[in-house]
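K.L.:
One structure, pasted below without further comment.
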Amino acid sequence: MSVHDDKDLRARVKLLGSMLGDVLHQQERGEVLETVEILRKGFIDLRSHEDPAKRQRLMDLINGCDPALLSHVVRAFSMYFLLANIAEEEGAHLDRRRRVQRGERLWYGSFDHTLHLFREQGVEAGQLDLLLGSLRYQPVFTAHPTEAKRRTVLEVQRRIDVLTKRLDATAPGPDRAEVEQEAAQPDPGAVEDRRGARPPSPGRG
């Protein structure tokens, strides 16, 4: 990924993180967002400068959270990493499409890249045919319970993915600002936890 693409990815993750902060502000009690921000900024600082005393204060904050608050904080960070993954995946897809449009070799490990390596190493078509003919594979299908997701969560992910693609297709300006504003609007039907219950309203314990 080029420096330009990395800059775009960082900007997209920052935008989605800001939107998540707006949703937390609107739909959670203030203590949730406050705790998330303290932990987020604190551990970011520790990445650049280790401070055992500060790390201990952050750990004490985590250990001092009541179960209900801690559950919401963990969910907020889980959602943030989900958003970051969506942004990264879409960035990778966009980079691949650009490579195809420019006629460049595709990413390392791709079928296209592998065939180019075979050609550079002098592997002939007959040898490749013999190699492919000797391959044996056995597909494995799994349905691990941790991979199961509520339909509501999947719909939210789909909506975020669509909006991300729209952002990529929209040049900076009024139109893009409108898309960003739309993306920032929470979906009331999606405010559910994994048990299907809505989180407490702002101001409720």
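The values are calculated or read from the model by the stated rules, or taken from the named source; none is laboratory data. Everything numeric in this text was worked out from a predicted model, so none of it was measured. Counting neighbours? That spans all protein chains shown, and the Cβs are built from the backbone with ideal geometry, glycine included.
K.L.:
Condition test on ALA84, is it loosely packed, with under 13 Cβ neighbours inside 10 Å, among the aliphatic types (A, V, I, L, M) and out of contact with any Cys (no Cβ under 6 Å at 6 or more places or on another chain)?
P.N.:
no
K.L.:
Filtering segment 130-150 down to residues that are modelled with pLDDT of 70 or more and outside any loop (DSSP other than H, G, I, E, B), which residue is farthest from the chain's Cα centre (by Cα)?
P.N.:
Among them, the one singled out is LEU130.
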